[in-house]
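Values in this text are rule-based calculations from the coordinates and carry no lab data. Every value quoted in this text rests on a predicted model; they were computed, and no experiment measured them. A quick note on method: Cβ atoms are made from the backbone with ideal geometry, for glycine too, and the neighbour counts reach across all protein chains shown.
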């Protein structure tokens, strides 16, 4: 699941703080700054349902499909997905999606990195530095913030398989072309969602250009008390060697059942 989208985050505006709160988000983040981060699990101890709307374009070929899948992430490659319903079982976009879930290289650790919304790096401290954030709005239960471009680009790149190869070049380009917002829960300061968008096209390679990128992710609490992915919407479009390409995904995660 983590491969199907760039897993990602958000950006900046003038300081627009709400009324003074005993649990002001900046005070919460400052208190967490030097504490070890609460790490997300590196396994998924649930089966769950994925509801999908997919669209892929390659040149003039357009593939669209809808499906409901039941996923058991603990099963070996080739046995993780049970198709509950599908608009067309031979749909190319759906087949590509399932192939990524079933890929032998899609280890439990990789599956977990896309399923859980919190940090998994044991060296991590607080995930969000108050000095790099601007408040957009807040109430007693949540705050909407804009991080600086460096944080936003890093969050986008961390779920990109090619980040190590292309990291520095891609990072420089992303810094100039992205904006968005994150939502943090109060009083925990944990992320419960983000939006990110590309503000202008980006050349990926000499013969390829990314023209559009919009991502929205929402998270909600799992029974174990960690935030997990609840919805991911992504739209990516561009042109390579004179031919258009694109992918649209609307993916919802529901019906978590603990494994016995």
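In table form, for the structure just shown:
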item: Taking N as its residue count, the alpha carbon Rg of region 198-260 over 2.2 N^0.38 Å; result: 1.59
item: Ordering of 35-47, 108-120, 203-215 by burial proxy (mean other Cβ atoms within 10 Å per residue, highest first); result: 108-120, 35-47, 203-215
item: Highest average packing first - 53-63, 173-183, Cβ atoms within 10 Å; result: 173-183, 53-63
